[in-house]
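Down below is the structure, laid out as structure tokens.
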Amino acid sequence: MNKTSRAHLFLIVSGLLFGANYWIAKGLMPDFMQPAQIILVRCLSAVALFWLVSMMTIREKVGRRDHILLAMGGLTGISVNQTFFFSGLALTSPVDAALLHSGSPIVVLLFSALIAGEKINLLKISGILMGASGAVALVLQGSMAEGSSGNQLLGNSLIVLNIVSYSLYLVIIKPLMSRYTAITIMKWVFLYGFLFVIPYSLTSVSSIQFGNFTGFAWFSLTYIVLGTTFVTYLMTSYSLRYVSAGTAGYYIYIQPVIAAFIGIVLFRESFTLIKLLAAVLVFAGVFLVNRNTGSKKMSERNQ
């Protein structure tokens, strides 16, 4: 398997892990943990894991100017992104969050065009629209989500800000991928992100009642720390060395598919023709974007 194919595989795995996270993270709140508590535990654990792995592998010296980008990545991709995601998910439903995230690749492409000068052609736009239509149809079909609680409008607004922040993170961090390993980037991004979340969440840690955790609660917290933090961020960082930020952002469309699958298996949602067609649209859109990338590389080799 070549490096580009491995990058796409890693993005698919990340999409699978994030797709399940809507339901798993929602199950922790508010009975076991509050958003600020999850964020601090998640960031602190990630810092420890990435720095530990770094100590056992290659140690790279990072330039002063690149530390500015890493700090911006920590702010947008860790602190702001995770704060808005968990705070928004606590107020809205997994299905609403999945629906809103289906528009994330569009935001990534906009930032890529404005900041990195990435070209947006008709084929890529067609793939994005096809995937978006499938994701929207998928999450609107049936009633996957539990009854939402709290201020749903506020929750959805926070999810939108989460999407904007993470999309900006993908574009900011992309230039660093060619200069440093994924481990180096992640250890600094999470360290800066952790420093940014301390003022917001440190006071809430003392109220965590770990003694009241059930087996599912421990599984959920472990999944969030290892699955959707250490593994997914590492895979995404590696993938950005070989694919564009827009392509990486597009794989977010996998998440509604996984959310629907969990709804079918665990919540007895019926597998309708509309859901099948929606899933086909999502992956057909991925094919169009990848076909566009592959055609471009073939053209460059022939020149």
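No lab work stands behind these numbers, since they all come straight from the coordinates. These numbers come from a predicted model, not from an experiment. Note: ideal-geometry Cβ built from the backbone for every residue, glycine included; neighbour counts use all protein chains shown.
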- Message: Can you compute the label reach from residue 204? Point 7 Å from Cα along the Cβ direction, backbone N cut-off under 16 Å, restricted to region 225-250.
- Response: 225
- Expressed as a whole number of Å, what is the distance separating the alpha-carbon centroids of region 174-218 and region 1-60? 9 Å
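So what's the projected area for region 3-302, the Cα convex hull averaged over all directions, in nm²?
Working: hull surface 64.5 nm².
Averaged projected area of region 3-302's Cα convex hull equals 16.1 nm².
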- By how many nm would the segment from residue 1 to residue 121 lengthen if fully extended, with 0.36 nm per residue of separation less the alpha-carbon distance? 40.4 nm
- Note on the structure: At q = 0.10, 0.13, 0.14, 0.16 Å⁻¹, the log10 of I(q)/I(0) for region 21-148 from a Debye sum over equal Cα scatterers comes to -0.49, -0.80, -0.90, -1.05
- When the chain is treated as a GNM, springs tying every alpha-carbon pair under 10 Å, which of 175, 35, 199 comes out with the largest mean-square fluctuation? 199
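What ranking of 238, 253, 169 emerges when the number of other C-beta atoms within 10 Å of each C-beta is taken as an exposure proxy, fewest first? Before the final figure, lay out the partial values.
On the way: 238 20, 253 30, 169 25.
Neighbour counts put them in this order, fewest first: 238, 169, 253.
For residue 64 and residue 226, compute 0.36 nm times the residue count separating them, minus their Cα-Cα distance, and round to one decimal in nm.
Details: separation 162, 0.36 × 162 = 58.32 nm, distance 2.95 nm.
Extending this stretch completely gives an extra 55.4 nm.
Run the numbers on region 3-302 and let me know its relative contact order in percent, using alpha-carbon pairs under 8 Å that are six or more apart. Let's see the in-between values first.
Details: 429 pairs, mean separation 120.1, N = 300.
After rounding, I find 40 percent.
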- Query: What list do you get for 282, 80 if you sort them by fewest beta carbons within 10 Å?
  - Reply: 80, 282
- Item | Taking 83, 203 and counting other C-beta atoms within 10 Å, the order from fewest to most | 203, 83
- Note on the structure: Given a Förster distance of 25 Å, the FRET efficiency implied by the Cβ-Cβ spacing of residue 9 and residue 57, rounded to the nearest 0.05, works out to 0.75
- Cβ-Cβ cut-off under 12 Å around residue 193, Lys and Arg +1, Asp and Glu -1: the net charge is +2
- Note on the structure: Checking 119, 61, 174 against a Gaussian network model of the chain (alpha-carbon springs below 10 Å), the top fluctuating residue turns out to be 61
- Efficiency by 1/(1 + (r/R0)^6): what FRET value for residue 219 and residue 113, r their Cβ-Cβ distance, R0 = 35 Å, to the nearest 0.05? 0.30
- Query: Under the rule of -39500 (n - 2.57) per DSSP H run of 4 or more residues, summed and divided by the residues of the chain, what mean residue ellipticity at 222 nm is obtained, to the nearest 500 deg cm²/dmol?
  - Reply: -23000 deg cm²/dmol
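Give me the dipole magnitude in Debye, nearest 20, for the chain about the Cα centre, with unit charges on the beta carbon: positive for Lys and Arg, negative for Asp and Glu. Let's see the in-between values first.
Values: 20 positive and 8 negative charges, 231 e Å.
Here the size comes out at about 1100 debye.
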- What is the Å³ per residue value for the convex hull set by the Cα atoms of region 42-84? 64 Å³
- Can you find, among 181, 22, 209, the residue farthest towards the positive end of the dipole of the chain? Put +1 on the C-beta of Lys and Arg, -1 on that of Asp and Glu. 181
